[in-house]
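Novice: The structure's right below; bear with me while I get my questions together.
The values are calculated or read from the model by the stated rules, or taken from the named source; none is laboratory data. Bear in mind that the values here come from a model prediction, so they are computed numbers and not experimental data. Ideal geometry is used to build each Cβ from the backbone, glycine not excepted, and the neighbour counts take in all protein chains shown.
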Amino acid sequence: MLTLEVMRICGCLEPWGSTTMSAVQACEIPPHALLRRYLDGGGFADCYAIDVAGTVTQAAFVEAFYTSGLFKIERWILKVLAASPSTDAQARQLAAGELTEFAAWTVESQTPAQLLLADVSGRTRSWLMASPTASPSAAPRTRLHFGSAVVPRRAAPGEAPSLGWLFSSLLGFHRLYSRLLLRAASRRVRPG
């Protein structure tokens with residue numbers, strides 16, 4: 001029951017109480033995505049997407065993502081355990097392209113439609129992209145993408161690169177958490 005309560009608070013449940021995780025789909029990383037460079041080299045990369053009504057700007061998506069209730073829990077953990085505080089105002093600045101550091105991340109690359117962040121260890125990447133989608137109706141829609149990458153540890157000479165046991169053991173949680181984060185952000189975006 002605690003998990004359902006956390007999901008409700010974070011905006012990941014519909015009012016009637018059923019999960020809407022089916023709206024968030026695992027998908028291929030788009031060919032032009034900044035995250036795509038991490039598909040090769042023994043690392044891990046994934047991508048999730050959800051379509052929302054209206055035209056949503058990249059800045060609105062980034063702000064909604066990093067100010068969602070669920071992500072605020074992660075921000076609080078980073079503040080307490082990693083001495084990496086962040087604010088909603090900084091999330092807005094990041095979204096506007098005015099910051100190169102946010103909590104435990106630095107901007108690796110940013111375009112008008114994409115944001116790629118690297119964590120302080122250099123081992124993980126987070127990627128966001130908002131893009132218009134073709135819709136059979138006249139109403140505009142936007143596809144919101146969220147992806148992650150894990151760079152393998154440097155191997156000793158003669159050893160294969162490895163993601164490590166910790167990442168492997170947390171992969172199931174990562175997949176669920178990624179879907180929850182994207183769903184929470186999709187509920188907060190405001191079409192422009």
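Novice: What number of residues within region 93-113 are surrounded by 14 or more Cβ atoms within 10 Å (Cβ to Cβ), farther than 22 Å from A83 by Cβ and either over 17 Å from the mean Cα position of the chain (by Cα) or among the small types (G, A, S) (or both)?
Specialist: 4
Novice: Now a separate question. Please work out which residue is modelled with the highest pLDDT, limiting yourself to region 119-173 and to residues that are over 22 Å from P31 (Cα atoms) and in a strand (DSSP E or B).
Specialist: Taking the candidates together, the pick is D119.
Novice: What are the residues in region 114-130 that are surrounded by fewer than 17 Cβ atoms within 10 Å (Cβ to Cβ) and either in contact with a Pro (Cβ under 9 Å, 6 or more places away or on another chain) or of a type in the set (S, T, N, Q) (or both), if any?
Specialist: S121, R123
Novice: Here's another thing I want to ask about it. Scan region 70-104 for residues that are among the β-branched types (V, I, T), assigned to a helix (DSSP H, G or I) and touching a helix residue (DSSP H, G or I) at 6+ places or on another chain (Cβ under 9 Å) and jot them down.
Specialist: Once the filter is applied, which keeps residues that are among the β-branched types (V, I, T), assigned to a helix (DSSP H, G or I) and touching a helix residue (DSSP H, G or I) at 6+ places or on another chain (Cβ under 9 Å), region 70-104 yields only I73.
Novice: Considering (1) crowded, with 19+ Cβ neighbours inside 10 Å; (2) not basic (K, R); (3) not in a helix (DSSP H, G or I), say which one L35 fails and leave the rest.
Specialist: With (1) crowded, with 19+ Cβ neighbours inside 10 Å; (2) not basic (K, R); (3) not in a helix (DSSP H, G or I) applied to L35, the lone miss is (3).
Novice: Looking only at region 132-144, which residues are within 18 Å of F65 (Cβ to Cβ) and either without any contact (Cβ under 8 Å) to a residue 60 or more places away in the chain or hydrophobic (A, V, I, L, M, F, W, C) (or both)?
Specialist: Passing the criteria: only L144.
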